[in-house]
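Colleague: What follows is a structure written as structure tokens; I'll ask about it next.
The values are calculated or read from the model by the stated rules, or taken from the named source; none is laboratory data. Everything quoted here is computed from the prediction, not taken from an experiment. With ideal geometry, Cβ positions are generated from the backbone for all residues, glycine too; neighbour counts draw on all protein chains shown. Side chains are part of the model used for accessible areas, which takes the heavy atoms of the whole protein and leaves out ligands, DNA and RNA. Shrake-Rupley method; radii C 1.70, N 1.55, O 1.52, S 1.80 Å.
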Amino acid sequence: MSNDILLPHWDETDRLAALRSYRILDTPAEPEFDDLVQLAARACRTPIALISLVEDRRQWFKAEIGFGVRETTLDRSICLSAMLQPGLTVIPSLTDDSRFTANPLVRDEPHLRFYAGAVLETPEGLPLGALCVLDTVPRGLTDDQAFTLQTLARQVMSQMELRRAIAERDEVLAASRRIEERQTLLVRELHHRVKNTLATVQALVGATGRSSGSFEEFYTSFSNRISSLAKTHNLLTEDYWQAAPLRDLALNELKPFAESRKPRFMLIGPQIELSADLAVPIGMALHELTTNAVRHGALSVPDGYVEVRWDIVTDDSGRRLQLEWTERGGPPARPPSQEGFGSTLLRRVLPMQINADVLTEFDAEGLKFRLVAPFVDRRLVPAY
């Protein structure tokens, strides 16, 4: 026999990948496999029978009778050599085979002398191990015993294929259930958002109407506020209505000033994702602050600029979002003679809607606004 015939026709990486794809290693005993080793031992009249799966550093037994352990190192494995041969391997006397005379299981307890193993082979022809029977005395197998051992080995592989198919089916079903649950949650979130959005639009209509002196002023203010709200919603829909980046909310409002030769704004803070219930009111607040800065504040003059800082701070109340809007280089800030929607939002609505502490300072250098609110981590479904 030439040495080429003894070389495996498969790649070890593929073989190990196939073995692990069955997800059977280190699983508990199962009656289906225990019954097969019982039948093998009884049919071959041996005290020991094993379903041996050969990994890269060990052989592990899915089922065993008469051996007493669940795995051994590869230096003790007879199946490692047997599985290199197709079909059935029978070694009548292990002490007469130079490959196994130094094997600890042959040399020492339990002093194995006989081995017969039928290779466990995937449909692609990759050997995973063997269904084997062993004895402590030299002997052989009858033709009927050899046929039975090979038949039982095919049954082992059938059970492994069935087990893998069931596991894959269960994974598909579990994934499908997760998708259905997520879809249900997203629909609930969408309903919640639509209801809140309609309420917000209704409030915008009333508040804008009360603070406008003409239809043209009402139309412009209302359109701009709806546009700002739509931009926030666009950010939320990118993440299935879960969260929007705070930096992007600020950029939505200040982006028209990004092309200026002279910096008109600075955004300073870590990457923070705001849940929808925080993103909408904070996005509206940033819109009102920007609109005021354009009309009356730092962005109304060429040399003025705005600095927006934010961070997450922790105090006795838990994690809190801290946001600061500071205008510099513009005209002195003065309290409005008449409270409009923007002032109402910043001073009254934010404390009620997101439990925020707010502070507005009308400074000679420009408007300063500070907000501290409980930070709500992103969640799939809002509280009802």
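Colleague: Testing Ile354 on (1) out of contact with any strand residue (DSSP E or B) (no Cβ under 8 Å at 6 or more places or on another chain); (2) touching a residue at least 60 places away in the same chain (Cβ under 8 Å), one condition comes back false. Which one is that?
Modeller: (1)
Colleague: Could you please let me know if Pro123 is without any contact (Cβ under 8 Å) to a residue 40 or more places away in the chain and within 25 Å of His9 (Cα to Cα)? Walk me through it before giving the result.
Modeller: On the way: without any contact (Cβ under 8 Å) to a residue 40 or more places away in the chain: yes; within 25 Å of His9 (Cα to Cα): yes.
Spelling it out, Pro123 is indeed without any contact (Cβ under 8 Å) to a residue 40 or more places away in the chain and within 25 Å of His9 (Cα to Cα).
Colleague: Among the residues of segment 295-305, write down those that are hydrophobic (A, V, I, L, M, F, W, C) and open to solvent by 40 Å² or more (accessible area, probe 1.4 Å).
Modeller: Val301
Colleague: Has segment 348-364 got at least one residue that is more than 38 Å from the chain's Cα centre (by Cα), at pLDDT below 85 and open to solvent by 80 Å² or more (accessible area, probe 1.4 Å)?
Modeller: Yes, segment 348-364 contains a residue that is more than 38 Å from the chain's Cα centre (by Cα), at pLDDT below 85 and open to solvent by 80 Å² or more (accessible area, probe 1.4 Å).
Colleague: Do we find that Pro270 is open to solvent by 10 Å² or more (accessible area, probe 1.4 Å), in a loop (DSSP other than H, G, I, E, B), within 20 Å of Gly366 (Cα to Cα) and not aromatic (Phe, Trp, Tyr) in this structure?
Modeller: no
Colleague: If I ask for residues that are part of a strand (DSSP E or B) and more than 41 Å from the chain's Cα centre (by Cα), which ones from segment 32-50 would you list?
Modeller: Passing the criteria: Ile48, Ala49.
Okay, residues lined up against (1) open to solvent by 80 Å² or more (accessible area, probe 1.4 Å); (2) closer than 27 Å to Thr148 by Cα; (3) modelled with pLDDT under 95:
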site: Leu7; (1), (2), (3): yes, no, yes
site: Asp14; (1), (2), (3): yes, no, yes
site: Ala29; (1), (2), (3): no, yes, yes
site: Ala49; (1), (2), (3): no, yes, no
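Table: residues versus (1) assigned to a strand (DSSP E or B); (2) crowded, with 20+ Cβ neighbours inside 10 Å.
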{"position": "Lys262", "(1), (2)": "no, no"}
{"position": "Met266", "(1), (2)": "yes, no"}
{"position": "Leu274", "(1), (2)": "yes, yes"}
{"position": "Asp277", "(1), (2)": "no, no"}
{"position": "Gly283", "(1), (2)": "no, yes"}
{"position": "Thr290", "(1), (2)": "no, yes"}
{"position": "Ala293", "(1), (2)": "no, yes"}
{"position": "Glu307", "(1), (2)": "yes, no"}
{"position": "Ile312", "(1), (2)": "yes, no"}
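Colleague: Could I ask something else about it? Residues in segment 128-163 that are open to solvent by less than 50 Å² (accessible area, probe 1.4 Å) and either of a type in the set (Phe, Trp, Tyr) or in contact (Cβ under 8 Å) with a residue 60 or more places away in the chain (or both): how many?
Modeller: Summing the residues that are open to solvent by less than 50 Å² (accessible area, probe 1.4 Å) and either of a type in the set (Phe, Trp, Tyr) or in contact (Cβ under 8 Å) with a residue 60 or more places away in the chain (or both) in segment 128-163 gives 15.
Colleague: Leu236: open to solvent by less than 10 Å² (accessible area, probe 1.4 Å) and modelled with pLDDT under 75, yes or no?
Modeller: When the stated conditions are applied, Leu236 passes them.
Colleague: In addition: Say we look at segment 244-260 and pick out the residues that are surrounded by 21 or more Cβ atoms within 10 Å (Cβ to Cβ) and either more than 16 Å from Val294 (Cβ to Cβ) or among the aromatic types (Phe, Trp, Tyr) (or both); which of these is modelled with the lowest pLDDT?
Modeller: Per the stated criteria, the residue is Ala244.
Colleague: Determine whether Ile91 is touching a Leu at 6+ places or on another chain (Cβ under 7 Å) and at pLDDT 90 or above.
Modeller: no
Colleague: Right, Glu109: without any contact (Cβ under 8 Å) to a residue 40 or more places away in the chain, open to solvent by 90 Å² or more (accessible area, probe 1.4 Å), in a helix (DSSP H, G or I) and among the acidic types (Asp, Glu) or not?
Modeller: So Glu109 does not fit the description; no.
Colleague: Collect the residues in segment 91-104 that are touching a helix residue (DSSP H, G or I) at 6+ places or on another chain (Cβ under 7 Å) and closer than 22 Å to Gln145 by Cβ, keeping them in residue-number order. Break it down into steps so the answer makes sense when it comes.
Modeller: Filtering segment 91-104 for residues touching a helix residue (DSSP H, G or I) at 6+ places or on another chain (Cβ under 7 Å) gives 94-95, 99-101, 103-104.
Scanning segment 91-104 gives Leu94, Thr95, Phe100.
Colleague: Going through segment 51-82 one residue at a time, which ones are open to solvent by less than 10 Å² (accessible area, probe 1.4 Å), among the aliphatic types (A, V, I, L, M) and within 39 Å of the chain's Cα centre (by Cα)?
Modeller: Ile51, Leu53, Val54, Ala63
Colleague: So Leu36 fits all but one of (1) hydrophobic (A, V, I, L, M, F, W, C); (2) modelled with pLDDT under 95; (3) open to solvent by 10 Å² or more (accessible area, probe 1.4 Å); what number is the exception?
Modeller: That leaves (2) as the condition not met.
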